[in-house]
Amino acid sequence: MSPYEVLQAGGSVEHNNSEAGAVWLQRFTSHFPKHIWINPEPAALWQYRQSIALIQQVLGGRMFPLTLEGLTRGMRLLSK
């Protein structure tokens, strides 16, 4: 997901949505208070990806790497 897809209405390469991706993410997190985002990108690279930082912000930091440890931490958060 590019920063443009997160921030701009009509930013998706697949659809011309009238709302930005962040609006959809906020709608999702409001409807599902217990949520996590499993990110397949190595966590060491997250700081270099603007879109990852934007999504982390929208999700309230509930992003975890796709590793055994990341899945364990994410499941612990979901089970609270």
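The table that follows gives values for the structure above.
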read-out	value
From the options T29, T72, residue that is touching a helix residue (DSSP H, G or I) at 6+ places or on another chain (Cβ under 9 Å) and not in a loop (DSSP other than H, G, I, E, B)	T29
Among (1) under 21 Å from E5 (Cβ atoms); (2) at pLDDT 95 or above; (3) open to solvent by less than 60 Å² (accessible area, probe 1.4 Å), the one test that G70 misses	(1)
Residue in region 4-27 that is crowded, with 16+ Cβ neighbours inside 10 Å, modelled with pLDDT of 90 or more and among the polar types (S, T, N, Q) present	no
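Yes/no matrix, rows are residues, columns are (1) open to solvent by 60 Å² or more (accessible area, probe 1.4 Å); (2) among the charged types (D, E, K, R); (3) touching a residue at least 24 places away in the same chain (Cβ under 8 Å):
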{"position": "H31", "(1), (2), (3)": "yes, no, no"}
{"position": "L45", "(1), (2), (3)": "yes, no, no"}
{"position": "R49", "(1), (2), (3)": "yes, yes, no"}
{"position": "I52", "(1), (2), (3)": "no, no, no"}
{"position": "L59", "(1), (2), (3)": "no, no, yes"}
{"position": "M63", "(1), (2), (3)": "no, no, yes"}
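The values are calculated or read from the model by the stated rules, or taken from the named source; none is laboratory data. Everything numeric here is computed off the predicted structure, so don't read it as measured data. Positions of Cβ are backbone-derived with ideal geometry, glycine not excepted, and every protein chain shown enters the neighbour counts. The accessibility values were calculated without ligands, DNA or RNA, using every heavy atom of the protein model including side chains. Shrake-Rupley method; radii C 1.70, N 1.55, O 1.52, S 1.80 Å.
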